[in-house]
Amino acid sequence: MNIAVCGIDLAKNSFQIHGIDEEGQVSCKKKLKRSQVLKFFANKPVCLIGMEACGGAHYWARELSKLGHTVRLMSPQHVKPYIKGNKNDANDAAGICEAVTRPSMTFVGIKTQQQHDILLLHRVREQKVKNRTALSNQIRGLLAEYGYVLPKSLPKLRSQLLILLSEADDDKLSVLACRQFYLLYEHLLQLDDQIKALEKELHSIARQNEDCMRLASLPGVGLITATALVAHIGDISQFRSSRALAAYLGIVPRQHSTGGKEALLGISKRGNSYLRGLLVHGARSVLRHAKNKEDEHSQWFKQLAERRGYNKAIVGQANKTARRVWALLTNQTYYQVAEQA
């Protein structure tokens, strides 16, 4: 059984294999259990393996690469046109096998275990922040039912909640209610401590990574955003240009051009929404501080906000930041503010 190119349709327990030889003839169609995958490829000559970039794909790519095989990950939307017939595992594997051989196919970089460790911290932190926001909203909503209205600010909620509970009127807030609000307050403090611990871990990783420190020198990019960018992007050489990275993050206009007429629509919002959100939040910070600055970039930013509006200026700054990220990682340099003449 000679396999030159192989497509694998990944799943939780059942993996479909589709292999072809050097002449393009089908040489293998096989369904494997999870425990059989590595044993199967360990006994095969080195070949090209294609997979969709889905859950668990990076793990399998790393393991198969250790066996000497060349592994390529592809976005599922790019594989879809090569799938023929109805939707089933065998047709999916065949489509993946054909797609990986296309010279025009774009591939997804394989993430290392260290990158996944950083992403793990970001995912856990993101969930903790969402839980804290939900909890604070719940506390405000429950208090409103008793006639107490607290401001939206999280620091003000922490400071005023204890004062409110200690001075609460028994006619408005019973002992039972006070006890429950104290428990909610303790839960809120626990989430604060957990988020701070995760951020401390991310800061420690960032200070030991040269690329993170390079990105942190950019306006609007802190150590948390820097670690997220480095972990998601990986090898910067997979992006041909700065615009390619901006397009990957979904902060360029969506095209709908035809007949030689160029039509640019709204921002595509493709790619990773978490990264895009961090860059947009960073751009808001840049605009807030640009109001008190007179350098060339701050002047450009303020004029753009006046001419095109606040939100469009923010996205424009996020786009510029993404292009600078590509430049810093490609040239292995730090950001330097241009001196005024």
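The values are calculated or read from the model by the stated rules, or taken from the named source; none is laboratory data. All values derive from a computational prediction rather than experimental measurement. Cβ sites come from the backbone with ideal geometry, for glycine too, and all protein chains shown count toward neighbours.
Out of everything in segment 264-285 that is farther than 18 Å from Trp326 by Cβ and at pLDDT 85 or above, what residue ends up being surrounded by the fewest Cβ atoms within 10 Å (Cβ to Cβ)?
Filtering first and then ranking leaves Ser273.
Taking Gln77 as the residue in question, decide whether it is closer than 30 Å to Leu191 by Cβ and of a type outside the set (D, E, K, R).
On the way: closer than 30 Å to Leu191 by Cβ: no; of a type outside the set (D, E, K, R): yes.
Against the criterion (closer than 30 Å to Leu191 by Cβ and of a type outside the set (D, E, K, R)), Gln77 does not qualify.
Does segment 319-334 contain at least one residue that is in a loop (DSSP other than H, G, I, E, B) and hydroxyl-bearing (Ser, Thr, Tyr)?
Yes, that holds for at least one residue.
With the condition kept exactly as written, say whether any residue in segment 128-137 is closer than 25 Å to Ile8 by Cβ and assigned to a helix (DSSP H, G or I).
The answer is no, given that none of the residues of segment 128-137 is closer than 25 Å to Ile8 by Cβ and assigned to a helix (DSSP H, G or I).
So is Ile224 at pLDDT below 90 and either outside the structural domain of Ala313 (by TED's automatic domain parsing) or within 15 Å of the chain's Cα centre (by Cα) (or both) or not?
no
Where in segment 1-102 are there strands (runs of 3 or more DSSP E), lying wholly inside it, with at least 2 residues that are touching a residue at least 40 places away in the same chain (Cβ under 8 Å) and surrounded by fewer than 22 Cβ atoms within 10 Å (Cβ to Cβ)?
Values: elements: 5-9, 14-20, 26-33, 48-52, 70-74.
Per the criteria, 14-20, 26-33.
Which of the residues that make up segment 127-139 are of a type outside the set (A, V, I, L, M) and either surrounded by 15 or more Cβ atoms within 10 Å (Cβ to Cβ) or not assigned by TED's automatic domain parsing to the domain that holds Gln194 (or both)?
Selection gives Lys128, Asn131, Arg132, Ser136.
Within segment 221-248, track down each residue that is part of a loop (DSSP other than H, G, I, E, B) and closer than 21 Å to Ile195 by Cβ.
Across segment 221-248, the qualifying residues are Val221, Gly222.
Can you name the residue in segment 71-106 that is of a type in the set (Lys, Arg) and under 24 Å from the mean Cα position of the chain (by Cα) and, of all such residues, is nearest to Cys6 (Cα to Cα)?
Result: Arg72.
Hey, could you check segment 227-243 for residues that are small (Gly, Ala, Ser) and modelled with pLDDT of 90 or more and say which is nearest to the chain's Cα centre (by Cα)? Show your work before the answer.
Keep residues of segment 227-243 that are small (Gly, Ala, Ser), which gives 228, 231, 234, 237, 241-242.
From the residues that got through so far, the ones that are modelled with pLDDT of 90 or more too are 228, 231, 241-242.
Working: Ala228: 7, Ala231: 9, Ser241: 19, Ser242: 18 Å.
Checking each candidate, the answer is Ala228.
Restricting attention to segment 140-158, report how many residues are in a helix (DSSP H, G or I) and surrounded by 12 or more Cβ atoms within 10 Å (Cβ to Cβ).
6
For the condition in contact with a helix residue (DSSP H, G or I) (Cβ under 6 Å, 6 or more places away or on another chain) and part of a helix (DSSP H, G or I), what is the one hit in Ser285, Ser298?
Among Ser285, Ser298, only Ser298 is in contact with a helix residue (DSSP H, G or I) (Cβ under 6 Å, 6 or more places away or on another chain) and part of a helix (DSSP H, G or I).
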